[in-house]
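Structure first, then comments.
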Amino acid sequence: ILTDLFMVTVLKDTLEKRGALGQIKARIRAEVFNALDDQSEPRPPLSHENLLINELIREYLEYNKYKYAASVLTAESGQPEGPLDRQFLAKELNIVEDTNGKSV
């Protein structure tokens with residue numbers, strides 16, 4: 001039993017050092033949310049402003065590799081699965097992108 005406990009501890013420490021444990025926990029949270037999400041309950045209509053705000057949040061999450069948080073946001077908010085066109089976002093927000101901004 002002590003050997004098993006030691007192996008679990010070493011495995012947990014290794015996964016934490018690699019950053020994998022956090023990803024595994026986030027993935028489990030996302031899967032639990034998807035399993036519990038009541039699809040029969042209609043969501044309120046997504047306003048144009050909220051669509052843009054949600055898209056900016058999703059872009060931020062995906063840029064920072066928070067893909068499970070982004071998937072939960074998409075599922076919970078009713079945001080379209082695919083990202084909005086970046087040129088459309090820039091036009092809607094009156095943003096002029098330079099070369100540095102396009103890489104972010």
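Structure values in brief
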{"read-out": "Filter pass, residue 72 being surrounded by 15 or more Cβ atoms within 10 Å (Cβ to Cβ), part of a helix (DSSP H, G or I) and modelled with pLDDT under 85", "value": "yes"}
{"read-out": "Those residues of segment 71-104 which are of a type in the set (A, V, I, L, M), in contact (Cβ under 8 Å) with a residue 24 or more places away in the chain and closer than 27 Å to residue 25 by Cβ, in sequence order", "value": "72, 75"}
{"read-out": "Residue among 68, 60 that is free of Cβ contacts under 8 Å to residues at least 12 places away in the same chain and among the aromatic types (Phe, Trp, Tyr)", "value": "60"}
{"read-out": "Single residue of segment 75-85 satisfying the filter (among the charged types (D, E, K, R) and either modelled with pLDDT of 85 or more or part of a loop (DSSP other than H, G, I, E, B) (or both)) that is most open to solvent (accessible area, probe 1.4 Å)", "value": "81"}
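The values are calculated or read from the model by the stated rules, or taken from the named source; none is laboratory data. Not measured: the values here are computed from a predicted model. Note: ideal-geometry Cβ built from the backbone for every residue, glycine included; neighbour counts use all protein chains shown. When the accessible area is computed, the model is the full protein with side chains, heavy atoms only, and any ligands, DNA or RNA have been set aside. Shrake-Rupley method; radii C 1.70, N 1.55, O 1.52, S 1.80 Å.
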